Amino acid sequence: MNEMRRMGMREWWVQVGLLAVPLLAAYLHIPPPQLSPALHSWKSSGKFFTYKGLRIFYQDSVGVVGSPEIVVLLHGFPTSSYDWYKIWEGLTLRFHRVIALDFLGFGFSDKPRPHHYSIFEQASIVEALLRHLGLQNRRINLLSHDYGDIVAQELLYRFKQNRSGRLTIKSLCLSNGGIFPETHRPLLLQKLLKDGGVLSPILTRLMNFFVFSRGLTPVFGPYTRPSESELWDMWAGIRNNDGNLVIDSLLQYINQRKKFRRRWVGALASVSIPIHFIYGPLDPVNPYPEFLELYRKTLPRSTVSILDDHISHYPQLEDPMGFLNAYMGFINSF
């Protein structure tokens, strides 16, 4: 009797396994979501250039006629240049050129794997884009967020070294980025993917919209959280070119930030150009007041704009007018 029961259980598990295999295979091959009309329009209005055989997506809008001012926007993790769409038109009313790119591994840019993604390479891609546009000798205003802040730090370091071929930076505005490893609080999912070892490739394949949206929503303020359609736009950008499969590789920037802290924080601490920080104070990733206290201590010459108490990690999306007004106030101050 017991033997028959054991055989029955084995047959049950075999049937479950036979059913699970095709279901798992189907799950792992779910196609990326279709682009919304707004995201499709963003892609259609952009262009691509090639960096070492890799296609990089960028936007380049001509704004105010007769102005010499150029602003380059550097987006955060894990999203894309589309993060700037709410303030894009406002920027074109002040700048002659408004330029943004999707970093390698993000958005509509290529996402090679395996690949050693690094902040150094992303900075070189920004430099290559401006050479491609014939702007390598122009003075550039940098506006960055999150991951883009660290790329901006590396660009600033190169600028300070006065090496040929580097950007000439006129001003720098950072926002809600983990520029100090000691005050940065990565999300649980980021920790798991960054340090997951052999589990990381499995986790990236199992990630879906539900996991993504539940992981990202808490970094927005309680009254400024993205709608489901906005989250789908973000997820579509990640899933484009199988970007979910490189998230663990991209997250190695957290380790790079610790390793090169002296280089990147040092570049900020000794800065001589105008520098500003726009801060959403409810940010769980760069918490108040620890982050702000360290920032002001390290960069006493920098000015700071603190947005409303309920604004969190994505201030340009959560409070676009407040963000734009803060940035224009900075730009018009020198």
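Contact list please: Cβ distance under 7 Å, first residue in region 113-133 and within 18 Å of S80 (Cα to Cα) and aromatic (F, W, Y), second residue assigned to a loop (DSSP other than H, G, I, E, B) and open to solvent by 50 Å² or more (accessible area, probe 1.4 Å), pairs at least six apart or on different chains.
Y117/Q252
Can you find a residue in region 195-211 that is more than 15 Å from Y147 (Cα to Cα), modelled with pLDDT of 85 or more and not in a helix (DSSP H, G or I)?
Yes: one or more hits.
Of the numbered conditions (1) in contact with a helix residue (DSSP H, G or I) (Cβ under 8 Å, 6 or more places away or on another chain); (2) open to solvent by less than 60 Å² (accessible area, probe 1.4 Å); (3) among the charged types (D, E, K, R), D308 satisfies every one except a single condition; which is it?
(2)
What number goes with the only condition from (1) over 20 Å from L245 (Cβ atoms); (2) surrounded by fewer than 22 Cβ atoms within 10 Å (Cβ to Cβ) that I150 does not pass?
Status for I150: all satisfied but (2).
Yes or no: L28 over 25 Å from G322 (Cβ atoms), surrounded by 10 or more Cβ atoms within 10 Å (Cβ to Cβ), at pLDDT below 85 and out of contact with any Ser or Thr (no Cβ under 9 Å at 6 or more places or on another chain)?
no
From the list F95, F103, exactly one residue is buried (at least 16 other Cβ atoms within 10 Å of the Cβ), of a type in the set (F, W, Y) and more than 18 Å from the chain's Cα centre (by Cα). Which is it?
Only one candidate qualifies: F95.
Go through region 285-311 residue by residue and tally those that are within 15 Å of H184 (Cβ to Cβ), in a loop (DSSP other than H, G, I, E, B) and in contact (Cβ under 8 Å) with a residue 12 or more places away in the chain.
Qualifying residue count for the region: 3.
Please enumerate the residues belonging to region 119-176 that are among the β-branched types (V, I, T) and more than 15 Å from the chain's Cα centre (by Cα).
I140, T168, I169
Go through (1) of a type in the set (K, R); (2) surrounded by 24 or more Cβ atoms within 10 Å (Cβ to Cβ); (3) touching a strand residue (DSSP E or B) at 6+ places or on another chain (Cβ under 8 Å) and name the single condition K111 misses.
Going through (1) of a type in the set (K, R); (2) surrounded by 24 or more Cβ atoms within 10 Å (Cβ to Cβ); (3) touching a strand residue (DSSP E or B) at 6+ places or on another chain (Cβ under 8 Å) one by one, K111 breaks only (3).
Could you list, in sequence order, all residues of region 260-284 that are among the aliphatic types (A, V, I, L, M), closer than 19 Å to G322 by Cβ and either in a loop (DSSP other than H, G, I, E, B) or open to solvent by 10 Å² or more (accessible area, probe 1.4 Å) (or both)?
L282, the sole residue that qualifies.
Filter region 60-94 down to the residues that are in a strand (DSSP E or B) and of a type outside the set (G, A, S), then identify the one that is nearest to D110 (Cα to Cα).
Taking the candidates together, the pick is L74.
The values are calculated or read from the model by the stated rules, or taken from the named source; none is laboratory data. A quick note: this is a predicted structure, and the numbers were derived from the prediction, not measured. All Cβ positions, glycine included, derive from the backbone under ideal geometry; neighbour counts span all protein chains shown. Just the protein is used for accessible areas: all its heavy atoms, side chains included, with ligands, DNA and RNA removed. Shrake-Rupley method; radii C 1.70, N 1.55, O 1.52, S 1.80 Å.
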